[in-house]
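The values are calculated or read from the model by the stated rules, or taken from the named source; none is laboratory data. All of these numbers come straight from a predicted model, not from anything done at the bench. Note that we place each Cβ from the backbone using ideal geometry, even for glycine, and neighbour counts take in every protein chain shown.
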Amino acid sequence: MHRRLFLAALALAPLLSACMAPSSAPAPDNLMGRLAADPDLSTFTAMVQAAGLQGRLAGTGPYTVFAPTNAAFARLGQSRVAALMQPAHQGELATLVMQMIGQDNFTPQMLAGQQLQIATLGGGSVVADGKNGLAVNRVPVSGTAIAATNGTIYKLSRVILR
């Protein structure tokens, strides 16, 4: 049952993304637009929307988004992801998503060779370590950074949990 619900959520994430967009669709070059345009981030995009944070990521920012890939969410477990997507868990989901959004824009050039503690919208912080590649809370960043008009997106291979 949970497996089917999870697979359905993954399959419907791009459709939900299109249906839940505000009446004036986000500009394709802001964080929300860039997230929605990347099929590898459809689960994270659906979670941002379910948490009610899409307006913030379509706004002026600036933010740094540490977005787990669909494969990262699959490793978290189908039942856990499906439960988080339920309306009854919107607060918990918002907390999780806000822990993955840094306050301010940290570009790859700013992180290269540095180890920085970055405050998140969730009230905590993450450690970005750019001394040997780039990792966030010891989770390697996969691929290249995605630049947006209001920040930067880094894809993560695992979900950052508190």
Mind listing whichever residues of the stretch 124-159 are within 12 Å of G102 (Cβ to Cβ) and surrounded by fewer than 19 Cβ atoms within 10 Å (Cβ to Cβ)? G124, S125, V127, N137
State the number of residues belonging to the stretch 27-75 that are touching a helix residue (DSSP H, G or I) at 6+ places or on another chain (Cβ under 7 Å), of a type in the set (V, I, T) and part of a loop (DSSP other than H, G, I, E, B). 1
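Could you count how many residues in the stretch 19-67 are at pLDDT below 90 and closer than 24 Å to V127 by Cβ? Let's see the steps before the verdict.
Step one: of the stretch 19-67, the residues at pLDDT below 90 are 19-28, 61.
Narrowing further to those that are closer than 24 Å to V127 by Cβ: 61.
So the answer is 1.
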Those residues of the stretch 44-82 which are surrounded by 24 or more Cβ atoms within 10 Å (Cβ to Cβ), out of contact with any strand residue (DSSP E or B) (no Cβ under 7 Å at 6 or more places or on another chain) and β-branched (V, I, T), in sequence order: T45, V48
Which one of these does L111 not meet: (1) buried (at least 18 other Cβ atoms within 10 Å of the Cβ); (2) touching a Gly at 6+ places or on another chain (Cβ under 6 Å); (3) more than 26 Å from P28 (Cα to Cα)? (3)
Hey, could you check the stretch 88-100 for residues that are assigned to a helix (DSSP H, G or I) and in contact (Cβ under 8 Å) with a residue 12 or more places away in the chain and say which is nearest to the chain's Cα centre (by Cα)? V97
Report yes if some residue within the stretch 111-132 is among the charged types (D, E, K, R), over 19 Å from Q49 (Cα atoms), in contact with a strand residue (DSSP E or B) (Cβ under 7 Å, 6 or more places away or on another chain) and modelled with pLDDT of 95 or more; otherwise report no. yes
If I filter the stretch 101-132 down to residues being in contact (Cβ under 8 Å) with a residue 12 or more places away in the chain and part of a helix (DSSP H, G or I), which single residue comes out as nearest to T43 (Cα to Cα)? P108
